[in-house]
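Contents: one structure, followed by commentary.
The values are calculated or read from the model by the stated rules, or taken from the named source; none is laboratory data. Note that the coordinates shown come from a computational prediction; the quantities given were computed from them, not determined experimentally. Cβ placement follows ideal geometry from the backbone for every residue including glycine, while neighbour counts extend to all protein chains displayed. All accessible areas refer to the heavy atoms of the entire protein, side chains included, with ligands and DNA or RNA removed. Shrake-Rupley method; radii C 1.70, N 1.55, O 1.52, S 1.80 Å.
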Amino acid sequence: MLDNTLNVASYENATILPCKKNYKDKSWGDGGVVSAEGQFIIESGLYMKWISFGGLYSYEQSKVEEVNGNAIWFGFFYKHWGHFLLDFLSRMWYLIDNYNGEDIVYVSHGHIIDGNFMEFFKLLGIESSKVKRISAATRIKNIVVPEYARNEVNYSDEYARIFETISQKVLSRHSKVEKDLFLDKSIYLSRAMFANATIKEIGEDKVEKAFVSAGFQVLYPEKMTLSEQILLWNLSGQIACVNGTIPLNYLFCN
């Protein structure tokens, strides 16, 4: 595990550079946070063996937008639930005890945080209007850059605490009737509604029928809210699914 004392850095009048594809091998592109002195903030990037993000590139100072407010750096985002859970969100431990109404800012290749990705933030007490994508070089009065609570080989207690905090909120907010929909049930999580399922999930209809015959209820994660999936993973008796993104929601189990 990582040292549970995670670093947090704050920068005055720093500039956020949106993600710019550099077409290098194993790279999402350049971008991130640049200090008022023009130095790239290494900690604002994401560096992994299989792929990385972050780096300085030239931009026109005269065209930098100005925001007279405070922000917390989320980092790079693209719409893939597994990478969101494992690679992108672990700076957000900082929100649990330290959030004071700041904007949560991110960069992407055009992907927008919405749907269950936005529900994640709402369950941490963040209004959707506060989660903002940076699409042009933007100077911010103050930006906080928390350390990632997880890397490719280690994680801290703060990473696990993100999921524990959200799960406890979901379990406390829902009624017995809502919980009984999943309590002690046998569930098969099908990929039949997954994007491109018709060309990738060959024979899924037969798999579904087999599980129904065995007493399982078939559900589709893509049709469920994050809260519903958290209830399912915490309350059901048994879950069957293929190994991939679907079982990563096990992180929300108490």
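So the values come out like this:
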item: Rg and Dmax [Cα atoms of the stretch 61-187; Å; Rg one decimal, Dmax integer]; result: 16.6, 61
item: Radius of gyration, Dmax [the stretch 1-54; alpha carbons; angstrom]; result: 12.9, 35
item: For peptides 227-235, 181-189, sequence by mean Cβ density within 10 Å, most packed first; result: 227-235, 181-189
item: Protein accessible area in the chain, 1.4 Å probe - carbon and sulfur %; result: 50 percent
item: Expected 222 nm ellipticity per residue - DSSP helices of 4 or more, -39500 (n - 2.57), all of the chain, to 500; result: -6500 deg cm²/dmol
item: Loop chymotrypsin sites (Phe, Trp or Tyr not before Pro), the stretch 1-96 (other Cβ atoms within 10 Å of the site Cβ: 11 or fewer; DSSP); result: Tyr23, Trp50
item: Table column - 3J(HN,Hα) (Hz), the stretch 155-161, Karplus curve with 6.51, -1.76, 1.60, x for Gly and Pro; result: 8, 9, 4, 5, 5, 5, 5
item: Nearest 10 degrees, 0 to 90: helix 226-235 Cα axis against the chain principal axis; result: 50 degrees
item: Surface accessible to a 1.4 Å probe, per residue, for the residues of the chain, Å²; result: 51 Å²
item: Subset of Lys130/Lys185; Lys179/Lys206; Lys63/Lys130; Lys79/Lys141; Lys63/Lys169 violating a 32 Å alpha-carbon distance limit; result: Lys130/Lys185; Lys63/Lys169
item: Computed over the stretch 63-133, Cα set: Rg, Dmax in Å; result: 12.0, 36
item: The chain: equivalent-ellipsoid semi-axes (sqrt of 5 x gyration tensor eigenvalues, Cα, Å); result: 37, 21, 16
item: Size of the stretch 153-231 as Cα extents on the principal axes (Å, biggest first); result: 40, 37, 19
